[in-house]
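The values are calculated or read from the model by the stated rules, or taken from the named source; none is laboratory data. Worth saying up front: this structure is predicted, and the values here are computed from it rather than measured. Because the Cβ atoms are built from the backbone with ideal geometry, glycine has one as well, and the counts that use them run over all protein chains shown. Surface areas here come from the heavy atoms of the whole protein model, side chains and all, with no ligands, DNA or RNA. Shrake-Rupley method; radii C 1.70, N 1.55, O 1.52, S 1.80 Å.
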Amino acid sequence: MSENIRNTGKSRSPWSWIPTLYVAEGLPYFAVNTLTVIMYHNLGVSLSDMAFYTGWLYLPWVIKPFWSPFVDLIGTKRKWTVAMQWLIALAMAAVGFLLPFSFFFSSTLVFFWLMAFFSATHDIAADGYYMLELSPHQQAAYVGVRSTFYRIASVIGQGVLVMLAGSLEKRCESVSTAWSIVFLSLSLFFLLIALYHTRWMPRTPKDRPIEGVTVHTILNDFGMTFVTFFRKPHIVTALCFMLLYRLPEALCIKLVQPFLVSPLDKGGLALTTAQVGFVNGTVGVVALLAGGILGGIAISRGGLKKWLWPMALSLTLPCIFYCGLAMWQPQNFVLISSAIFIEQFGYGFGFTAFMLYLIYFSRGESSTSHYAFCTAFMALGMMLPGMAAGWIHDVLEKYNLFGMDGPQGYVNFFWWVMICCLATFAVCLKVKIDPEFGKKN
């Protein structure tokens, strides 16, 4: 009898698995999309190659709606979740072992792409498991816990691991060895999480393949959902909004970290890797959270339509700080941190409107599937500009637009980002939103 109770997981508190599950969901995402940028830059990969090839790593998150139905058809969400954690740990270990070799770039990219695919699949399974294991009341009660531990993964991935790499770069006097140790340590940590979940993650009777569902029915239902999504009113305007609202951020995200660590004679700010980890993992995360919380409060009081323009401005205009940093190259760490704090706060505040719009546009029949399509276009909107960011930098580097001495690449690039803010403003002018949506009843 006790064994049956244990297997159903009814005697196990959600606190025993939600924190570790959402740390496991966040870490590979930040490893693939954040650590790769600064790691490849520090290893001497050109900006254009780094941005283009790491941009491709977004692809699994773009296309995951196309294979997510098959996670329902084959096996259980628990098995998928644990299996992906084992595979992610192995991919991280492979990256760690391959970094010291001369062919590290092409070989590690293969395993980062696999890691991205495993991570996107893990997202599907873990979120599905969360909804099956918990009652609707529990889902609401633990959503804050889930979000908090995902943010903790953000601090670890963007802050702690980067700071560790920076410290090891100095001690080992070898960038490749330092990052190899980081990924081997991350692999060991993930192995421990996978072991823990293999043994202690609850089993629920609800978690089983959906009966009566076949590949044919999945493809048929997916086709109908696809058609109904593209028949929604104002679909063209909505797609433009999803793809272009975050255009300035999508361009910046691939070059900000290289800009921070590049030497002064290359147009950067000459921060150490450890300093970048501190700024991203503490100052940046705190600002991002504060902006997101304030954004949620603002929309609940005035509605999405009222706050769309203030949030669009807060998302785009703080990019001017990077223009100033690139032009004057200050060496005051507090000043640099303050500029990044303001930029990240503005992003957190402005991003709230974007996410709420995705919910707004997904309303109606098949809202869950339509929301998945929206997030896919969101990822595509980050992927394509990011891939081109390094090339844009290299092209603009050839021109001295401001009559300044020294390298012009970062200066011209960040001013180009400011020009691209016009795309954000244009889609905000055209988008259609119910004035009452988002207001607190």
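Observations on the structure shown:
- Condition check for THR108: among the hydroxyl-bearing types (Ser, Thr, Tyr) and within 15 Å of ASN33 (Cβ to Cβ): yes
- Test for LYS232: is it out of contact with any helix residue (DSSP H, G or I) (no Cβ under 6 Å at 6 or more places or on another chain), part of a loop (DSSP other than H, G, I, E, B) and in contact (Cβ under 8 Å) with a residue 12 or more places away in the chain: yes
- Per the listing THR368, THR375, the residue uniquely of a type in the set (Ser, Thr, Tyr), in a helix (DSSP H, G or I) and under 16 Å from the mean Cα position of the chain (by Cα) is THR375.
- Close pairs (8 angstrom Cβ cut-off, 6 or more residues apart or separate chains): outside any helix (DSSP H, G or I) in the range 395-414, of a type outside the set (S, T, N, Q) and modelled with pLDDT under 80 anywhere: GLU397/PRO407; GLN408/LEU401; GLN408/PHE402
- Inclusion of CYS252 among residues that are out of contact with any Asp or Glu (no Cβ under 6 Å at 6 or more places or on another chain) and either among the aromatic types (Phe, Trp, Tyr) or open to solvent by less than 30 Å² (accessible area, probe 1.4 Å) (or both) is warranted.
- Exclusive hit being exposed (fewer than 15 other Cβ atoms within 10 Å of the Cβ) and assigned to a helix (DSSP H, G or I), set LEU114, LEU109, LEU188, LEU168: LEU188
- Residue that is surrounded by the fewest Cβ atoms within 10 Å (Cβ to Cβ) [pool: residues in the range 137-152 that are aliphatic (A, V, I, L, M) and touching a helix residue (DSSP H, G or I) at 6+ places or on another chain (Cβ under 7 Å)]: VAL145
- Comparison of ILE156, ILE181, ILE193 shows that the only residue that is assigned to a helix (DSSP H, G or I) and open to solvent by 50 Å² or more (accessible area, probe 1.4 Å) is ILE181.
- Condition broken by GLY381, with the remaining ones in (1) open to solvent by less than 60 Å² (accessible area, probe 1.4 Å); (2) modelled with pLDDT under 85; (3) not aliphatic (A, V, I, L, M) satisfied: (2)
- Selected residue (criterion: nearest to ARG171 (Cα to Cα)) from residues of the range 269-320 that are in a helix (DSSP H, G or I), of a type in the set (S, T, N, Q) and touching a residue at least 40 places away in the same chain (Cβ under 8 Å): THR273
- Within the range 82-101, none of the residues are modelled with pLDDT under 95, buried (at least 19 other Cβ atoms within 10 Å of the Cβ), under 19 Å from the mean Cα position of the chain (by Cα) and not charged (D, E, K, R).
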